[in-house]
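A.B. asks: To start, I am sharing the structure in question, which I have written as structure tokens.
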């Protein structure tokens, strides 16, 4: 959970950690990028499949 908190502090004006468990993954696609990349370090070392998610979109 610490890595997610540090990411939110450095990249966001406001943020909320909804669940800091092992399946938590933060992926970001920046302007001009074709794909999102994982920006945190999942506890298992690799992202795990998740049944649901939260998306934030901007124009």
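A.B. asks: Go through region 34-52 residue by residue and tally those that are at pLDDT 75 or above and surrounded by 10 or more Cβ atoms within 10 Å (Cβ to Cβ).
C.D. replies: 9
A.B. asks: Consider only pairs whose beta carbons are under 7 Å apart and that are at least six residues apart or on different chains; among these, list those whose first residue lies in region 12-23 and is in a loop (DSSP other than H, G, I, E, B) and whose second residue is modelled with pLDDT under 65.
C.D. replies: 17/1; 20/1
A.B. asks: May I pose another question? How many residues does region 28-54 contain that are under 16 Å from residue 11 (Cα atoms) and either in contact with a helix residue (DSSP H, G or I) (Cβ under 7 Å, 6 or more places away or on another chain) or part of a loop (DSSP other than H, G, I, E, B) (or both)?
C.D. replies: Residues in region 28-54 being under 16 Å from residue 11 (Cα atoms) and either in contact with a helix residue (DSSP H, G or I) (Cβ under 7 Å, 6 or more places away or on another chain) or part of a loop (DSSP other than H, G, I, E, B) (or both): 7 in total.
The values are calculated or read from the model by the stated rules, or taken from the named source; none is laboratory data. Given the structure is predicted, the values throughout are model-derived calculations rather than measurements. Quick reminder, even Gly has a Cβ in these numbers, built from the backbone with ideal geometry, and neighbours come from all protein chains shown.
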